[in-house]
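Right, one structure below, let's go through it.
The values are calculated or read from the model by the stated rules, or taken from the named source; none is laboratory data. Just so you know, these numbers come straight off a predicted model, no measurement behind them. Glycine gets a Cβ as well: all are built from the backbone with ideal geometry, and neighbour counts include every protein chain shown.
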Amino acid sequence: MFGRLGRFVVNHPWWVIGAWIVVVGATVFAPSLADVTNTDQGAFLPNSYESVKAQEVGASSFARRTNATAAIVVKRADNGTLTDADQAKVAEIAQRLQAAGLPKVTGVATGPQALSPNKQVQLVNVVIDGQPYDPKVAAAVPAIRDAAKPLVAGTGLTLKVTGDVALAYDNQSAFDTALVIIGAATVLLIIVLLLVIYRSPVAALLPVITVGIVSFIAQRVIAIVAELTGLRVDQSLQIILTIVLYGIGTDYILFVLFRYRERLRAGDTPKEALVSAVARVGEVIASAAAAVVIAFMALVLAVFGAFRSLGPGLAIAVAFMALAAVTLVPAVVSLLGTRVFWPSKSWQRTPRGTAFQRLGRFTGRRPAVVALVSGGLLVALALGALGVKSDFDQVSQLPKDTEAAQGLADLQSGFPAGALNPTTVYLRSDTGQPLDEAALRSYATALTQVAGVGGVMPATPDGSPVLLSADRTAAQINLLLDTDAYGNASLALTGDGGALRIAAHAQAPPGTTALVGGLSSVFADIRAATNRDLVVIFPVAGLLIAVILGLMLRSVVAPIYLMVAVVLGFFATLGATVLVFQGLAGKAGISFNLPIILYLFVVAIGTDYNILMIARLREEAREGKEPRTAADLAVEHAGPSVAAAGLILAGTFASLLLTGVAFLTQMGFAVSLGIVLSAFVMSMFLVPSVTALLGHKAWWPGHGDEPAQTGTPELAEAGATRG
C-alpha cells in the first residue's frame, strides 16, 4: 500500500499539494480552539460527584450569590496594623469603586467584618456578574485594578486584587505568555537543530512550514468536533498541541528525510529514493501514529473531562500530521529533488567511522552488557516513583510575580488559609418543607468541631452562620478550614470518606440532605477521578498498543518486551521527576495531572521510537543478517534518526522550562527527560540488545525475520524499489 502511495505522491505532487490547499481553505472560517476552551477544572467532573451536586444546589437555590468575586486585599506598606483612619480609607475606596460603574461589577463592600483578626489586612469584596472562569468576566479584572490602585496613592496603604476571578485571569495570562514563549522557542530550536543535521535551510524550514499548516487545520477541526459533540477543551490543550505537532511532526518528517538521504547514498535516483522512503517509512509512521492515536483515544475512558478532552484533540492532530508526513512532505520533496538538502552535498556520500557505527558495533558484540546497563539505569530511576505524591495547589502553579498570587499571600498574613476559598456545605429539604433555622445553627456549630475546620463565616448581617434560600428549602454554610484549600490535608478532609463529609452527612437534620462543595471538595473529587482514570487508562492503552505492535510485527514476543520497556521508561521518568521536585526542590508533590501527561508522551512517543528501531531490526534480519549483526546495523542506520527526533522533541518540551508556570516547568523537565530516556536509552540500546539476545525467538510465532520476498506484499514491493 505504501509503495503505491509513494509512487502516486511522487508522480502527482501538485494534485497532493492542491488537496491540502483545499483543506486549508475549507477550515479558514471555522471556529478557533480558544472559542471552545474551558478553564474551570470543576466543570470537567461528571454530575455524579458530590462537589458537582453541591454546585447545582448553589446555582439553583442561591443563584444571585454564585457570581464571580474579586477580593481587594488592603494592607499598610510598612506591614503595620491598620489604624481607624486606614479603615475609614478602605471604606471610602469601596464606596468610590461602587460609584465608578465598572463593567460587570454589581457590588463592592467592606466593613469591620472584613478586617483580619490581627488588624493587618482588610478586604474589599467585589461581586462580578457571571462565572469566574468566563473570559468575559475575567476581562473585568484589569479595569478593577486600574480603578483601585490610584485610590491608595499617598495613603501609606497598598492593595492587590486577588480572588477566584483574578486568579483565573492571571492564570490565563500566564498560559498565553507561555504559549508565545513555547512557540518561538520551539520553532527556533527546530530550525537550529535541523540546520546542524542537514546543513540546509530548505530541510530546516520544511518541517516548520508543514507543521504550521497541519496545526492550523487540526485546531479548527478540533474546535468543530468540540462544538458538535459538546466536548470541553482544557486550556492546556493548545500548549500541548503545539509541542505535540512540532515534536511528532518533525520526527515523522525526519524519518522520511533520513531514509530518502540513505537511498540517495545507495545510488537510487531521486524519485526512486523518495518512493522507497515512503514505502519503507510509511508503514513505520502509520504504525507509530496508530499507537499514538490509540494511546490518546484511550483517554475517552477517563471520567475527568480535562483528560477526556485531550484525547480526541491530540488524536486528530496526530492523524493529520501522519497523513501530511506521507503525502504533503513527499510531494514537496518530489518537486525539490535533491535541492531539499541545498547547499549541502553531504547527501552524496556515506559517512564513515561515525559514533552510531561504533555504538552499533558495541551493541552487536556485547548485547548482554548493553541490556544490563540500559535496563539497570531505568530500573534504578523507577524506584523513585515509589515516593510520588500529588499536588493540587492551582495557586502555586502561577508565577510568583502575578498580582493574584501576591494578593493571596497578603491575605493569608491576616486570615486563615481557607478564607479565600471557604468550604460550602449545602442542605436541602427532602420534603419541600421549610428548614428549621435553629436546627441549622446547631448543625453549623457541630461542623466546626470537626478536626481541621477552623470556623464558620457569618452569612447574614446579624452574624448567623446559615444563609437560607428564598423559599427556605435550602441552606448554605461556609466553613473555614485550617489548611490551604488545595492542600492534601483539606482534600482528605472534604473528599469522599473524609471526616467533614462523614460528619456533614451523619449530622444533617432529619429530612435533609447535606452536600459538601467548594474548591477543596472539587479537587478532592478530581483526585478520586484521576486516580480511577490512571488505573483504567494505562492497562487499556498498553493492551491496544501491544495489539498494534503484534499486527505490525506478526509476533507475540517482541510486543511484550517492547511494552515492558515503555512501561519501565514511564516509571523511570516519574521516579526521576519525584527525586528532583519532591527531593531536591522540596515541593509538596508533583502536579496531579503530570502522570497522565507522561503517559501521553513517554508511553505513546516512546512507542514511536521503538517502532522505528524494531522495524529496522526486522528489515536487517529479512536481508539475511544474523541477530547481532542486525542490531549493529539497526543502531547505525536507525540510530541517527531516533537520536535527532528525540533531541528535537526533548528540546521542544524543554522550552516549557522558560515559562515560569510551575506545572509547565514540571512538565517540561519530566517529558524532556522521558523522551531522552526513550530515545537514547530504551530505543537506542535496550530494544536492539534484547532483540539481539533473543534472536529468532523475538519474532515468535511468526516469521518476521525471514527474507522480504516471503513477507508482506508491501515490504516486498518496497524492497523492489531499492534497485
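Enumerate the pairs (first residue in the stretch 176-198 and under 20 Å from Val661 (Cβ atoms); second residue anywhere and outside any helix (DSSP H, G or I) and not acidic (Asp, Glu)) with beta-carbon separation below 6 Å, excluding pairs fewer than 6 apart on the same chain, so at least 6 apart or on different chains.
Close Cβ pairs (under 6 Å, with a partner that is outside any helix (DSSP H, G or I) and not acidic (Asp, Glu)) amount to Ala178/Thr659; Ala178/Val661; Ile181/Thr659.
Go through the stretch 266-294 residue by residue and tally those that are over 16 Å from Leu551 (Cβ atoms) and buried (at least 24 other Cβ atoms within 10 Å of the Cβ).
9
Yes or no: the stretch 388-396 includes at least one residue that is under 30 Å from Ser521 (Cα atoms), assigned to a helix (DSSP H, G or I) and not acidic (Asp, Glu).
Scanning the stretch 388-396, I find at least one residue that is under 30 Å from Ser521 (Cα atoms), assigned to a helix (DSSP H, G or I) and not acidic (Asp, Glu), so the answer is yes.
Give the stretch 504-540 a look and list any residue that's buried (at least 21 other Cβ atoms within 10 Å of the Cβ), polar (S, T, N, Q) and out of contact with any helix residue (DSSP H, G or I) (no Cβ under 6 Å at 6 or more places or on another chain), or say none.
Those that are buried (at least 21 other Cβ atoms within 10 Å of the Cβ), polar (S, T, N, Q) and out of contact with any helix residue (DSSP H, G or I) (no Cβ under 6 Å at 6 or more places or on another chain): Thr512, Thr530.
Return the residue satisfying two criteria in turn: it lies in the stretch 218-252 and is over 19 Å from the mean Cα position of the chain (by Cα) and buried (at least 22 other Cβ atoms within 10 Å of the Cβ), and of such residues it is modelled with the highest pLDDT.
Restricting to residues being over 19 Å from the mean Cα position of the chain (by Cα) and buried (at least 22 other Cβ atoms within 10 Å of the Cβ), the top hit is Tyr252.
Is there a residue in the stretch 169-181 that is modelled with pLDDT of 85 or more and farther than 30 Å from Phe341 by Cα?
Within the stretch 169-181, none of the residues are modelled with pLDDT of 85 or more and farther than 30 Å from Phe341 by Cα.
Scan the stretch 359-369 and tell me whether some residue there is of a type in the set (Ser, Thr, Tyr) and surrounded by fewer than 23 Cβ atoms within 10 Å (Cβ to Cβ).
For the stretch 359-369, residues of a type in the set (Ser, Thr, Tyr) and surrounded by fewer than 23 Cβ atoms within 10 Å (Cβ to Cβ): absent.
May I ask you to say which residue of Asn79, Asn67 is closer than 26 Å to Ala138 by Cβ and either buried (at least 17 other Cβ atoms within 10 Å of the Cβ) or at pLDDT below 90 (or both)?
Asn67
Anything in the stretch 49-103 that is in a loop (DSSP other than H, G, I, E, B), in contact with a strand residue (DSSP E or B) (Cβ under 9 Å, 6 or more places away or on another chain) and under 17 Å from Leu411 (Cα atoms)? List them, or say none.
Ala77, Leu82 - these are the residues of the stretch 49-103 that are in a loop (DSSP other than H, G, I, E, B), in contact with a strand residue (DSSP E or B) (Cβ under 9 Å, 6 or more places away or on another chain) and under 17 Å from Leu411 (Cα atoms).
Scan the stretch 548-563 for residues that are at pLDDT below 85 and of a type in the set (Val, Ile, Thr) and jot them down.
Ile548
Which one of Val642, Val687 is buried (at least 22 other Cβ atoms within 10 Å of the Cβ), within 24 Å of Phe356 (Cβ to Cβ) and at pLDDT 90 or above?
Val687
All but one of (1) in contact with a Leu (Cβ under 8 Å, 6 or more places away or on another chain); (2) closer than 19 Å to Ser334 by Cα; (3) of a type outside the set (S, T, N, Q) hold for Gly267; which doesn't?
Among (1) in contact with a Leu (Cβ under 8 Å, 6 or more places away or on another chain); (2) closer than 19 Å to Ser334 by Cα; (3) of a type outside the set (S, T, N, Q), Gly267 violates only (1).
Is it the case that Ser173 is out of contact with any strand residue (DSSP E or B) (no Cβ under 8 Å at 6 or more places or on another chain) and within 19 Å of Pro640 (Cβ to Cβ)?
no
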